1. Report yes if I176 is modelled with pLDDT of 95 or more and assigned to a loop (DSSP other than H, G, I, E, B), otherwise no.
2. Answer with yes or no whether I87 is farther than 24 Å from P144 by Cα, under 19 Å from the mean Cα position of the chain (by Cα) and at pLDDT 95 or above.
3. Kindly indicate which of L50, L3, L8 is within 20 Å of the chain's Cα centre (by Cα) and buried (at least 16 other Cβ atoms within 10 Å of the Cβ).
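The values are calculated or read from the model by the stated rules, or taken from the named source; none is laboratory data. Computed from a predicted structure; not experimentally measured. Every residue, glycine as well, gets a Cβ built from its backbone with ideal geometry; the counts of neighbours run over all protein chains shown.
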Amino acid sequence: MELSEIGLDKWFKDQASELCGPGGSVARVTAVDRDRYIIRNEQGEIPAELTGKFLYTAESPTDLPCVGDWVCVHYRDSGAQASIHRILPRKSFLRRKTSGKNIEFQMIAANIDVAFIVQSCHFDFNVRRLERYLVMVNEGHVEPLLLLTKTDLISPEALEQLVEKIRQSGIAAGIISLSNVTGEGIEQIREIMAPGKTYCLLGSSGVGKTTLINRLMGTSGLETREVSGTGEGRHTTTRRQLIMLEHGGLLIDMPGMRELGMLGVSEGIDDSFADIRAFSKSCRFTDCCHTNEPGCAVRRAIERHELNAEHLQNYLKLKKESEFHELSYVEKRKKDRAFGQFVHSVMKTRGKRFDK
């Protein structure tokens, strides 16, 4: 196998030749399970681990490899195992705030060309959640494509109404409707996926992501489960992994996300809510918050039914959430650096005492 078949292009080759050094090789991370990694090279997949130096110099979780990363490695045991000593720069990425109260980034995947954002037409459909996914995708410079699954459970008229709700919210991304039962849309997705390009599936549990992968693979190699009686999804995928499809496309499967916290996504919000940004250019005040200020062009657009009121409320909510978490993150980083400097000064002082 040539590495170009799993996404190595000239840009990554140039980075590898500059950064991997003498005796170093380049490989791609195909699976991450806690602190264990699987990488793929020309011969196949092998286990890999991080070097102590790599772990020591990593300042945050975003500095650690994730699925889709290209990494510099050294092989041992006749090529049966590898040590990862560097990550090549990422062209694109998907990340979110870690779940719970901890204010930190969590890397999801890297070097993705297209993100398939999957929502079920039956129980899971939610435009506000869809906007959150779009913010994350746009922030990471990944092209979005919306997949509306389980169309066999609703009428064509109901499907048209769902699409209209999406368009009324200013979402211009492409939409493909599909059914894993009838096969509608499967061939369209297969035709979109180009050899050597990387795609991923984003969505809640139970929307049909694993079943879709099995349809694209032409097998039932990945386990699936029925959704619950309430229509709530059940987890099947337990780890992120990169799968090479028979026609040459690369697909990253990942567990469903229950939380999608916003952190450091100002660019993604602006790109995802471009319609609001366009109207805001006509506001009387450049720092207009689009709430009660006089001369607000955004509020005027809502009164004229040119903008959706819920769309604006979600925009304001996401912006406030992102700014709050970003301030907390900056404060946390300051404390981490201060503590690191304190430890360094203590160790230095002790060293001087020991020398005396």
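1. Spelling it out, it is not the case that I176 is modelled with pLDDT of 95 or more and assigned to a loop (DSSP other than H, G, I, E, B).
2. Judged against the criteria, I87 is a match.
3. Values: L50 fails: within 20 Å of the chain's Cα centre (by Cα); L3 fails: within 20 Å of the chain's Cα centre (by Cα).
On inspection, the qualifying residue turns out to be L8.
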